[in-house]
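Below you'll find the structure, written out as structure tokens, and then a few comments.
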Amino acid sequence: MATVSPTRRMLPDRLTLLAFAGVVFIAGANIVAVRFANGDMEPFFGAGFRFAIAGLLLLAVAAFRKASIPTRQELIGTVLYGLLAFGGAMALGYWALVRLPAAVGGVIIASVPVLTLFLARLHRLEPFRWRGLVGGLLTVAGIAVLVGGSLEGSVPVGSALAMLGGALCLAEAGVVVKRFPLCHPMVSNGLAMAIGAALLLGVSLAANETWSLPTRPTVWFALGFVVLIGSVALFAMYLHVLNGWTASGASYQFVLIPFVAALLGAVLLDESISAGFVLGGLIVLAGVYVGALSSGKTPIPSTPEHEAHAQRCSTT
């Protein structure tokens, strides 16, 4: 049974890298699918509905497979993971993007690896690495070059701060998963999605959104994709990546997701690709290599809770 442990070498194995690539591709495709899914649904309600259905599906499968019930430490980690990754990050991000240009939002989200680097050091999960900092800053610069030509007008400060708060939630969620044991990925993701959905639907009620289901077949197809592939499969692979890599290394998905989304947009939505996009994409890839792939095998200290948790899971 899989367990998320902080004791991992800096360079992941091949299966973890494949899962990392899967997360990046599916998350990038999610951006295109959500554009269709949100066509007939309010944003907070659409996000809450998506994670409520996905969470229930995961919990049903976990019950069918008789997955182990979370311990107290696992439950604490799952609740924090749900509030941060599915609740706080989504609520702040959706609110910010009401006024914030998508390009600016992408640049801010690209700061997740840098935020993760410092948060992981603050939690004493990873040593500070100048190479990681340089790689993180390089990726942010690459995203800025990639989208810089499309920015117009002033950026609303409140929306930018909200998006930064969402990026901080995502970064802290990755660290929390490393800090607290999560034994069964189906149970952990199912409960976390349900917690996040409850928060999102509460925000939807507070915002007086209209709760209505899609009416077009294409929207139902897009919704099915983001629920089954973009939620259930995506976050199962995400936890696998966190299990086999460091928190800061896994966080580099956030700088590659906008790159993949733009490529898919060009193929599926006939959006043009500029020379600035190509240059920015190359800088992003260089930053990912410098900060995450070219590191050594420095181990990360494990906590007593993770050691006891790993021993328990190895016998289930």
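Laboratory data are not the source of any read-out in this text; all were calculated from the coordinates shown. None of the values given here were measured: they were computed from a predicted structure. With ideal geometry, Cβ positions are generated from the backbone for all residues, glycine too; neighbour counts draw on all protein chains shown.
Expected output is a single nm value to one decimal: the length gained when fully extending between Ala63 and Ile76, i.e. 0.36 nm times separation in residues minus the C-alpha distance. What is it?
Working: separation 13, 0.36 × 13 = 4.68 nm, distance 1.99 nm.
Working it through step by step, the gained length comes to 2.7 nm.
Would you mind calculating the gained length between Arg121 and Ala206 on full extension (0.36 nm times residue separation, minus the Cα-Cα distance), in nm to one decimal?
Extra length available between Arg121 and Ala206 comes to 27.0 nm.
Go through 87-94, 64-71, 206-213, 222-229 and give me the packing order, highest mean Cβ count within 10 Å leading.
Most protected by this proxy first, the peptides run 87-94, 222-229, 64-71, 206-213.
Using 0.36 nm times the number of residues separating Arg216 and Arg131, minus their current alpha carbon distance, what extension gain do you get?
25.8 nm
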